1. Under 6 Å between Cβ atoms, at least 6 apart or on separate chains: pull out the pairs that start in the stretch 177-200 with a residue that is over 12 Å from residue 115 (Cα atoms) and end on any residue that is in a loop (DSSP other than H, G, I, E, B).
2. Do we have residue 137 as at pLDDT 95 or above and under 22 Å from residue 13 (Cβ atoms) here?
3. Condition first: over 20 Å from residue 7 (Cβ atoms) and touching a residue at least 24 places away in the same chain (Cβ under 8 Å). Now tell me which residues in the stretch 141-169 satisfy that.
4. Residues being under 17 Å from residue 135 (Cα atoms) and either assigned to a loop (DSSP other than H, G, I, E, B) or in contact (Cβ under 8 Å) with a residue 40 or more places away in the chain (or both): count how many of those fall in the stretch 18-48.
5. Cβ contacts < 8 Å: first residue closer than 19 Å to residue 134 by Cα and among the charged types (D, E, K, R), restricted to the stretch 82-105; second residue surrounded by fewer than 17 Cβ atoms within 10 Å (Cβ to Cβ) and at pLDDT 95 or above, any location; separation 6+ or different chain. Result?
6. Out of curiosity, is residue 146 more than 20 Å from residue 59 (Cα to Cα) and not in a loop (DSSP other than H, G, I, E, B)?
7. Only one of these is surrounded by 14 or more Cβ atoms within 10 Å (Cβ to Cβ) and in contact with a helix residue (DSSP H, G or I) (Cβ under 6 Å, 6 or more places away or on another chain): 80, 55. Name it.
8. Among the residues of the stretch 158-172, is there at least one that is part of a helix (DSSP H, G or I), of a type in the set (Asp, Glu) and either surrounded by fewer than 19 Cβ atoms within 10 Å (Cβ to Cβ) or at pLDDT below 95 (or both)?
Amino acid sequence: MEDPVQRHPTRGEQLDILATLIADTVDRGQAVLEFGCGVGYVAHLILEKRPDLDIVGVDRKGDALQQAQDTLPAGRFTAIEGDLEAIGDIAIPDKAYGAIFTALTFHDLPDPAKQAVIAAAAARLAPGGCFLLYDRLRLDAPSLFPLQQSIWSRIERVHGRGMRTADSFNAYVEDLGTDNRPARLADYLDWFPAAGLTPQVLHLHGNVALIGGAKG
């Protein structure tokens, strides 16, 4: 199964790290829950490493869920249609979730919905389980923006193609628009503990981060 997005050159490595963390840490008998599963690409990466796992995928697009069901191994993926902006209305199966994750979905959500989904994840994790969030971070320091531009330039030189970039901090902010709403790292480091999760940045490249939250 090919990555349906392939927008930046470090995505493959980071998604493999995400899948590996889940494959290495979820106990047998526990399930995995994904918020914003799309066509099931990350679930596919996980099941390649752990074919014994059961994955529940939530997405608001029924056609993407149908593609995931048609592509992933029979009996290992349960599709749930629902809008994460109304997380309380989604009929998520009651299982012992050893890991709950989301990949490049949170920047589409307003901040109150982000917080509600984090809280919903924390409430559904089995003891010792982890919530893994992979998404872009909002840059909020104009004086440091030239350093970020340098990182983006290096990624393009090394990998032959680049990530998102902008000529200035103001241009970066304008380019985000109203529907592209990444949160700041500081926000996540507040929201995770508020939901009862201990946060840790596990991987960061450019401004795309993988953040883990442990349930005690």
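The values are calculated or read from the model by the stated rules, or taken from the named source; none is laboratory data. The structure displayed is predicted, hence computed values, not measured ones. In this analysis, Cβ positions are derived from the backbone assuming ideal geometry, glycine residues included, and neighbour counts consider all displayed protein chains.
1. Note: pairs meeting the criteria are 182/137; 182/138; 184/138; 184/140; 185/137.
2. Taking the combined requirement at face value, the residue satisfies it.
3. 142, 145, 169 - these are the residues of the stretch 141-169 that are over 20 Å from residue 7 (Cβ atoms) and touching a residue at least 24 places away in the same chain (Cβ under 8 Å).
4. Summing the residues that are under 17 Å from residue 135 (Cα atoms) and either assigned to a loop (DSSP other than H, G, I, E, B) or in contact (Cβ under 8 Å) with a residue 40 or more places away in the chain (or both) in the stretch 18-48 gives 12.
5. 83/60; 83/89; 83/90; 85/110
6. So residue 146 fits the description; yes.
7. After ruling out the rest, the residue left standing is 55.
8. No, the stretch 158-172 has no match at all.
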